[in-house]
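The values are calculated or read from the model by the stated rules, or taken from the named source; none is laboratory data. Just so we're clear, the structure is a prediction, and the values are computed from it rather than from any experiment. Cβ atoms come from the backbone with ideal geometry, glycine included; neighbour counts cover every protein chain shown. When the accessible area is computed, the model is the full protein with side chains, heavy atoms only, and any ligands, DNA or RNA have been set aside. Shrake-Rupley method; radii C 1.70, N 1.55, O 1.52, S 1.80 Å.
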Amino acid sequence: FSYTNHTVLGEALEKWPLHLLRSVVPEIAAIICMIDHKLRQEHPNTGLWIIQDDIVHMANLSIYVGSYVNGVAEIHSKILVDDVFNKWYKVFPERFQNKTNGITPRRWFGLCNPELVSMVREKVGADFLKNLDEIGALKGMIDDETVGRFNCIKHQKKEQLCAIIAKHEGVQLNPDFLFDVQVKRLHMYKRQLMNAISIMDIYFRLKEGRLPNFQPTCFIFGAKAAPGYEDAKSVIRYINRLAKLINNDPAVNGKMRVCFVHNYNCSYAEHIIPAADISEQISPAGLEASGTGNMKLMLNGAITLGTLDGANVEIAEEAGAENEYIFGHTVEQINAIKGTYNARKIYDANADLRRALNTLVDGTVPTDDGIRNLFRQLVEGGNDQYFLLLDYESYIKAKLQANRDYADKMTFGRKCLKNVASAAKFSSDRTIRQYAKEIWHIEPTQF
């Protein structure tokens, strides 16, 4: 067996009551008990166990019976070794590896963005979708003519997306706007709420005339929440309500639009991702195992507005940090303040953030118990467990800087193309080759 870990979140590391397993699969429960007994005999006094307090820890079982354990981004694999599975790493260091995730360029470039693929093919050759390493040759070809062509293609993809959103959502977007995109599963750690709060903050500043050079922006969300995840559903309601407020305010109609698309899925993503200018990857450092949406957006020519989390770290390394907008506290900085962090102090000290957060409760948009509870968790309860307030000032500064930079379309387009040209590492072909060689020990001719 080999074990690939995809999350450090405790809620997703499966744990089962032993008595429940015995009632449903008694033979398997008996085998797990035997394996746990063998582990304790082989490695006494190490703190390693599979069953504790009548709870079976499936991740521990996977590590013990597996030949290899891997994370799916360099920073994620480091966190597994240094923190989540540190006791296991000390006993089985040879088992731990990293395999950074990848995406297939055939679907997430060839299928969804044939216009840009055609341009790149002219530059680097016909087979780069089969060997994405060849796209790196584009780095030496990013002249004004190429950037101009890229910008025209991006505008074309925006026009296509605007038509789809008008049809499916009834929302009219302007393809001349900057497209700021956050598309992913709705989870509090992914901090769609921080994005929404920043949009409300920008809305107020625009109304006051404090952002005179703000580049008109479409803020696009796509997400689904788990059926029982009430906080996530409250965020969805809040975003849709602020969208209704902003989209119906003529004072900002030429400056900002907000759209939360219905029934977000991979087919919708194929239209949204090629149209994006900014890719929001804003989880607090240390919680996103990798992400693959960040890779899809990079390959299609969006810059990353993100924390040093998951594959964002490697994206910034590959394309150059100067071609991304990195913000927020690092894993080490967050760990250092966890015991003393006080979100209320930040709320009290930052008037713009306070005003935006108050819209969760003050009636600026229609509210309800779930939305009000978001405010209570962040501010009144001091339970800002995903450090939204901690990272907010850094986030809004980076977001507004990216917006200002968009005024120079050639320079911004050059950043975008450098991302396209630097995406080779994030091909799933590379990922699978590494699994084949370093974990499965098979040659390419065998599959």
Exercise. Could you give the semi-axes, largest first, of the ellipsoid that matches the stretch 100-196, computed as the square roots of 5 times the alpha carbon gyration tensor eigenvalues and rounded to whole Å?
Worked result: 28, 19, 14
For this session: Ratio to report: Rg/Rh of the stretch 232-344, with Cα atoms as the point set and Rh obtained by the Kirkwood method; give two decimals.
Result: 1.02
Exercise. Calculated from DSSP H runs of 4 or more alone, at -39500 (n - 2.57) each and per residue, what is the 222 nm mean residue ellipticity of the chain, nearest 500?
Worked result: -14000 deg cm²/dmol
For this session: For the stretch 51-147, report the convex hull volume of the alpha-carbon atoms normalised per residue, in Å³, without decimals.
Result: 166
Exercise. How fast does the stretch 1-53 diffuse by Stokes-Einstein, in µm²/s, taking the Kirkwood radius from C-alpha pairs at 10 °C and 1.306 mPa s?
Worked result: 124
For this session: Quick one: pull the percent of accessible area on the stretch 1-82 belonging to carbon and sulfur, 1.4 Å probe, ligands and nucleic acids left out.
Result: 61
For this session: Work out the FRET efficiency for LYS15 and HIS155 from their Cβ-Cβ distance, taking R0 = 45 Å, and round it to the nearest 0.05.
Result: 0.35
Exercise. What is the Cα centroid distance between the stretch 294-311 and the stretch 386-403, reported in whole angstrom?
Worked result: 16
For this session: For the stretch 186-252, with all protein chains present and a 1.4 Å probe, just round the carbon and sulfur fraction of the accessible area to a whole percent.
Result: 53
For this session: Quick one: of LYS123/LYS425; LYS130/LYS157; LYS157/LYS207, which pairs are farther than 28 Å apart, Cα to Cα?
Result: LYS157/LYS207
Exercise. How much of the calculated P(r) for the stretch 321-385 lies past 13 Å, in percent of all Cα pairs?
Worked result: 71
Seminar exercise, completed: Averaged per residue, the 1.4 Å probe accessible area of the stretch 266-352, protein heavy atoms only, in Å², is roughly 32
Exercise. For the stretch 301-430, which whole-number percentage of the solvent-accessible area (1.4 Å probe, protein heavy atoms only) is attributable to carbon and sulfur atoms?
Worked result: 49
Problem set entry | Sequence ranges 298-309, 181-192, ranked by mean other-Cβ count within 10 angstrom, highest first | 298-309, 181-192
Exercise. Using alpha-carbon pairs under 8 Å, 6+ residues apart, how would you state the relative contact order of the chain in percent?
Worked result: 20
Exercise. Computed from the mean reciprocal separation of all distinct C-alpha pairs, what Kirkwood hydrodynamic radius does the stretch 360-447 have, in Å?
Worked result: 18.3
Problem set entry | Approximate shape of the stretch 60-117 as ellipsoid semi-axes (Cα gyration tensor, √5λ), whole Å, largest first | 35, 11, 7
Seminar exercise, completed: Percent antiparallel among DSSP beta bridges confined to the chain, nearest 5, equals 15
Exercise. How many Å³ per residue does the convex hull of the Cα positions in the stretch 169-317 occupy?
Worked result: 117
Problem set entry | Long-range tail of P(r) for the chain (Cα pairs > 30 Å, %) | 49
Exercise. Expressed as a whole number of Å, what is the distance separating the alpha-carbon centroids of the stretch 1-18 and the stretch 79-147?
Worked result: 26
For this session: Note down the Stokes-Einstein diffusion coefficient of the stretch 308-349 in µm²/s, whole number, using a Kirkwood radius over alpha carbon pairs, 10 °C, and 1.306 mPa s.
Result: 130
Problem set entry | Solvent exposure of the stretch 1-85 as accessible area per residue, Å², 1.4 Å probe | 54
For this session: Note down the magnitude of the dipole of the stretch 2-95 about its Cα centre, charges +1 on Lys and Arg C-beta and -1 on Asp and Glu C-beta and zero elsewhere, to the nearest 20 debye.
Result: 180
Exercise. Using only Cα atoms, what is the ratio of the radius of gyration of the stretch 153-228 to 2.2 N^0.38 Å?
Worked result: 1.26
Exercise. What share of Cα pairs, in percent, lie more than 22 angstrom apart in the stretch 310-425?
Worked result: 50
Seminar exercise, completed: Simple spin-label estimate for ALA30/SER118, 7 Å along Cα→Cβ, in nm, reads 6.6
